[in-house]
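Q: Pasting in a structure now, in structure tokens, and then I'll have a few things to ask.
The values are calculated or read from the model by the stated rules, or taken from the named source; none is laboratory data. Treat the numbers as computed from the prediction; the structure is a model and nothing was measured. Here the Cβ is made from the backbone with ideal geometry for all residues, glycine too, and neighbour counts use every protein chain on show. Ligands, DNA and RNA are stripped out before the accessible areas are found, and what is left, the full protein with its side chains, is counted by its heavy atoms. Shrake-Rupley method; radii C 1.70, N 1.55, O 1.52, S 1.80 Å.
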2 protein chains.
Amino acid sequence: MVRSQTMQRLKVQLAYDGTLFSGFQVQVNARTVQEEIEKSLMKIHQQAIRIYASGRTDSGVHARAQVMHFDSPLDLTESNWQRALQTTLPNDISIEKVEKVPQDFHARKDALDKTYRYIIRFSDDYDVFNRNYEWHVRQRLDIKEMREAASQIQGTHDFTAFSASKTNVKGDKTRTIHNIELHESDEHVVVEVTGDGFLTHMVRIIVGTLVDIGSKRKNLQCIQEAFETNDRRVLGQTAPPQGLFLWKVNY
Amino acid sequence: MVRSQTMQRLKVQLAYDGTLFSGFQVQVNARTVQEEIEKSLMKIHQQAIRIYASGRTDSGVHARAQVMHFDSPLDLTESNWQRALQTTLPNDISIEKVEKVPQDFHARKDALDKTYRYIIRFSDDYDVFNRNYEWHVRQRLDIKEMREAASQIQGTHDFTAFSASKTNVKGDKTRTIHNIELHESDEHVVVEVTGDGFLTHMVRIIVGTLVDIGSKRKNLQCIQEAFETNDRRVLGQTAPPQGLFLWKVNY
């Protein structure tokens, strides 16, 4: 491989199965996506290369299309980059696309908004083959009521009540949710949430609250109350991680 | 729970994700489906209960509808049996149905035939979320040629060449394959095989050989040669376990 004088910035779109990862971000004594990718880059470069993702994902959460960037002194084609990464990575990470981008591209700072999908299975039947990729709730759900709640969450709000108390986010917790859609099929409801930024556990608290409203354990009023009081406790449960997919990052 | 004087025989239909199992049958120092079910029955009965399945499955092979039976002195309804088993089992085993059956029902001996499905992904794209549930072959496959090969495998033959050399099956290796069908979609070929009995690795050798014929690494003549010589080496590869599902046991 040729080492060029200048550094090339690479934008990478990747998918991962979050089941066996303790989330994206490197931490001590835990298997993380970032660690596996940086190990792969170390093998390719024989030197440490740091990656920057659009954001982290929690333990057990999946990505269909996470985006990251890194800088390399190596001069490879985009398809050779894809191959080099894929062959050195474990099989629960998939490199979907590699693009050479200008030096000022930044995977996190340039992201305009992100779309998450959350998959809820509401039929009585347990699906053993999808247990790591959906949340199985056995209640009947009132989808109309859930759609009404979703429409109240859309827009620009202080989302303090919708974040884990252990959140790392400091400062302003105002975010804009552009859109929440519920797609219903025979056995599933898919909640699709697009917004300009997300606090820790925010999508999972939105989904858990929608399910609690759909199953009548909470009523619609809790949404307005949460925005008024900033109190996490007025909302519903935090949906489990395995139903959540980082679906798309828009630039 | 009431212990009745007599034993009740129970027929159980179950699904399991084979990924984290070393196959069905109990073995030392390995996690198996049988062991988990017998541990669950031990919890329910406070005594050892032996189960009898329609047959074993290999390490990594899945079941959509395995069937087993056992005898119990406990007097539970069918739905309470289902609940008692499900709540004491790990989440990669799913109890689909429990039926009280006459004392002479036998899950293995009464099985008329079995259907397996094998899922092959032939597109270039790797699907990280289905990596444990399909075989990703990157070649273009000649489905017409594979169908021709499948039609030659159908029927009653000595299947010695189609079994692992380490097979436990002694004696006659004549089996009848009633039907092999290939279902094609955009990114997948599903091979469905129904027969009255299967030798060790038989479905995986059939599928591996079909794929080698479809990708021109083997030619059609190898099937007839295998039946004439009983030589495993004239056939194709053994397909990996994760694409294989025990789909249905017919009584």
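Q: More than 14 Å from chain B (Cβ to nearest Cβ), open to solvent by less than 30 Å² (accessible area, probe 1.4 Å) and more than 17 Å from A:V193 (Cα to Cα), is that true of A:L74? Walk me through how you get there before you give the answer.
A: Working: more than 14 Å from chain B (Cβ to nearest Cβ): yes; open to solvent by less than 30 Å² (accessible area, probe 1.4 Å): yes; more than 17 Å from A:V193 (Cα to Cα): yes.
Here the answer is yes, as A:L74 does meet what is asked.
Q: Inside region B:157-251, counting only strands (runs of 3 or more DSSP E) that do not spill past its ends, which hold 3 or more residues that are among the β-branched types (V, I, T), in contact (Cβ under 8 Å) with a residue 12 or more places away in the chain and open to solvent by 10 Å² or more (accessible area, probe 1.4 Å)?
A: B:174-184
Q: Please go through region A:119-135 and give me each residue that is touching a residue at least 24 places away in the same chain (Cβ under 8 Å), at the interface with another protein chain (Cβ under 9 Å from one of its Cβ atoms) and of a type in the set (F, W, Y), ordered by number.
A: Within region A:119-135, A:Y133 is the sole residue that qualifies.
Q: Does region B:141-153 contain at least one residue that is in contact (Cβ under 8 Å) with a residue 12 or more places away in the chain, part of a strand (DSSP E or B) and more than 24 Å from B:Q66 (Cα to Cα)?
A: No, region B:141-153 contains no residue that is in contact (Cβ under 8 Å) with a residue 12 or more places away in the chain, part of a strand (DSSP E or B) and more than 24 Å from B:Q66 (Cα to Cα).
Q: Filter region A:83-94 down to the residues that are more than 10 Å from chain B (Cβ to nearest Cβ) and open to solvent by 50 Å² or more (accessible area, probe 1.4 Å), then identify the one that is farthest from A:H69 (Cα to Cα).
A: Within region A:83-94, the match that is farthest from A:H69 (Cα to Cα) is A:T87.
Q: If I ask for residues that are aliphatic (A, V, I, L, M), part of a helix (DSSP H, G or I) and open to solvent by 10 Å² or more (accessible area, probe 1.4 Å), which ones from region A:23-53 would you list?
A: Result: A:M42, A:I44.
Q: I'm told B:R56 meets every condition in (1) without any contact (Cβ under 8 Å) to a residue 24 or more places away in the chain; (2) of a type in the set (K, R); (3) part of a loop (DSSP other than H, G, I, E, B) except one. Can you identify the failing condition by its number?
A: (1)
The rows are residues; the columns are (1) more than 15 Å from B:V98 (Cβ to Cβ); (2) under 17 Å from the mean Cα position of the chain (by Cα); (3) free of Cβ contacts under 8 Å to residues at least 40 places away in the same chain.
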position	(1), (2), (3)
B:Q27	yes, no, yes
B:K43	yes, no, no
B:I49	no, no, yes
B:D71	no, no, no
B:L74	no, no, no
B:Q86	no, no, yes
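Q: Is there a residue being touching a Phe, Trp or Tyr at 6+ places or on another chain (Cβ under 8 Å), in a helix (DSSP H, G or I) and either open to solvent by less than 10 Å² (accessible area, probe 1.4 Å) or among the hydrophobic types (A, V, I, L, M, F, W, C) (or both) anywhere in region B:8-20?
A: no
Q: Could you grab me the full set of residues in region B:95-116 that are closer than 17 Å to B:K248 by Cα, open to solvent by less than 70 Å² (accessible area, probe 1.4 Å) and part of a strand (DSSP E or B)?
A: Scanning region B:95-116 gives B:I95, B:V98, B:E99, B:D113, B:K114, B:T115, B:Y116.
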